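Below is one structure, written out as structure tokens; comments come after it.
Just so it is clear, none of the values below were taken in a lab; they were calculated from the coordinates. None of the values given here were measured: they were computed from a predicted structure. Heads up, the Cβs are rebuilt from the backbone with ideal geometry, glycines too, and the neighbour counts pull from every protein chain shown.
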Amino acid sequence: MIEHVEVRNWQSLRHVVLDLGRFTVIVGASSSGKSAFVRALKALASNVRGTSAITKGTTSAAISATTGDATVTLEHVGGAWAYRIAGGEGEQTYTKLGGQVPAAVTAVLGIEPVPSGGTSISFAGQFDPPYLLADSGAAVARVFGELTNVDTIFAAVREANRRQKHASATLRTKEAELATFRSRLGQFADLPQRLTALRRAETAVAHAQHLQQQADRLHGHVEGIERARAILATATGALEQTAITRLDLTAVTEAHQRYLAFTALLREWQAAHAWQQRAQQAADAAERAERDAVRALHETLVAAGQCPVCGQQVKDENHATGQ
């Protein structure tokens, strides 16, 4: 409740100080300043603009109202109007208002600003029409909405409608993305078969590597046989030159048999090596197919943003790691 009012240089009021009670009646002769006092309070609550109401011969004016919480002052100093609130939390000043009333001022006074050209339940002049009876239906509805907080419900309904439209648009977008994702899933229908082929290829590669190791050992044996053949040829030539007629060829025969065995192993190694190459080519092809399938599946999941099976979010790993 406003308990104290002070007005300086406002219309006919040079300096007026008035204490108010819960019910105060101001009486006096005509043109004694009663209406000017009411207009001063209205200007304080609504932020007057211009200087026409300032007492002639002066350049400054001030209107103050004190409540149980703080003192609100509207003053014209230095060519502009400004609000000042002084209370328990210190002093705040509001400038460059653009005709608006700070919410803190309205909260302290407990009086809503009077719309330009409109009426107010807080102020009425002697020539003003009855409150709201001469206003349009829209104006009456707005005032009653503000008084009953119905405007808050309307604002909530508008916000709910806005969110519902946004949610519907998002749902349509996600449904379209899901349909695209499902259509692309058909490309990976044979992915289990590809994975099976890849596992078989990995097994073949491992077997081929084992055969390669055996082939390397056989190759070493073949080189030993070739060296033995060279030594045998040299020994045979020496025997012929010395005309030795009696020679034990048991070791040579055994070496020749080993040579034949190693030759057979060499042929097996060559066949195994050729099979290994074919298996390696098949494994490489299967690995490329798997990488392509996994990459395509990942890109599809990233595009969808969410796994349709487990519901987890899917992100681009390259993007997430800054690669």
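Rg/Rh for the chain: what does it come to with C-alpha atoms and Rh from Kirkwood? Mind dumping the intermediate values first?
Working: Rg = 51.3 Å, Rh = 31.2 Å.
That ratio equals 1.65.
What percent does the relative contact order of the chain come to when contacts are Cα pairs within less than 8 Å and at least six residues apart?
Details: 302 pairs, mean separation 38.8, N = 323.
Once normalised by length, the contact order is 12 percent.
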Q) Between Arg194 and Thr180, what length in nm is gained on full extension when 0.36 nm per residue of separation is reduced by their alpha carbon distance? A) 2.7 nm
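By count of other Cβ within 10 Å, fewest leading, how are Thr106, Thr250 ordered? Could you put the intermediate results ahead of the total?
Numbers: Thr106 15, Thr250 8.
Least to most surrounded, the residues fall as Thr250, Thr106.
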Q) Using alpha carbons only, how many degrees (0 to 90, rounded to 10) separate the axis of helix 150-185 from the longest principal axis of the chain? A) 10 degrees
Q.
Compute the distance from the alpha-carbon center of the range 87-138 to that of the range 220-234, in whole Å.
A. 117 Å
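Calculated from DSSP H runs of 4 or more alone, at -39500 (n - 2.57) each and per residue, what is the 222 nm mean residue ellipticity of the chain, nearest 500? Intermediate results must be reported in sequence, preceding the final value.
Working: 7 runs with 179 residues, N = 323.
So the calculated ellipticity at 222 nm is -19500 deg cm²/dmol.
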Q: Mind putting together the pair-distance distribution for the range 52-149? All Cα pairs, 10 Å bins, whole percent per bin, short to long.
A: 12, 36, 33, 16, 1
Q. How far, in degrees from 0 to 90, does helix 34-46 lean away from the longest principal axis of the Cα atoms of the chain, to the nearest 10?
A. 0 degrees
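Assign one of three labels to the range 4-113, namely rounded, prolate or oblate, based on the Cα gyration tensor with a ≥ b ≥ c the square roots of its eigenvalues; rounded applies when a/c is under 1.5, prolate when it is not and a/b is larger than b/c, and oblate otherwise. Kindly include the intermediate steps, with their values, before the conclusion.
On the way: a/c = 1.84, a/b = 1.16, b/c = 1.59.
Oblate shape, in that a/c is at least 1.5 and b/c is the bigger or equal ratio.
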**Q.** For Asp69, Asp135, order by how many other beta-carbon atoms lie within 10 Å, fewest first
**A.** Asp69, Asp135
Q) Once amide H atoms are placed 1.01 Å from N in the peptide plane, what residues at a sequence separation of 5 or more from Ala61, or on another chain, have their amide H within under 5 Å of its amide H? A) His76
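Set the Förster radius R0 to 51 Å, insert the Cβ-Cβ distance between Arg258 and Leu297 as r into 1/(1 + (r/R0)^6), and round the FRET efficiency to 0.05. Don't jump to the answer; show the numbers that get you there.
Numbers: r = 56 Å, r/R0 = 1.09.
Working from the Cβ atoms, E equals 0.35.
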Q: Would you list, by chain and number, the lysines whose Cα falls below 17 Å from the Cα of Lys42, excluding same-chain residues fewer than 8 positions away?
A: Lys34
Q: Can you tell me the 0 to 90 degree angle between the C-alpha axis of helix 250-304 and the longest principal axis of the chain, rounded to 10?
A: 10 degrees
Q: Put one equal scatterer on each alpha carbon of the range 166-274, apply the Debye formula with no solvent term, and list log10 I(q)/I(0) at q = 0.10, 0.11, 0.16, 0.22 1/Å to two decimals.
A: -0.59, -0.64, -0.88, -1.12
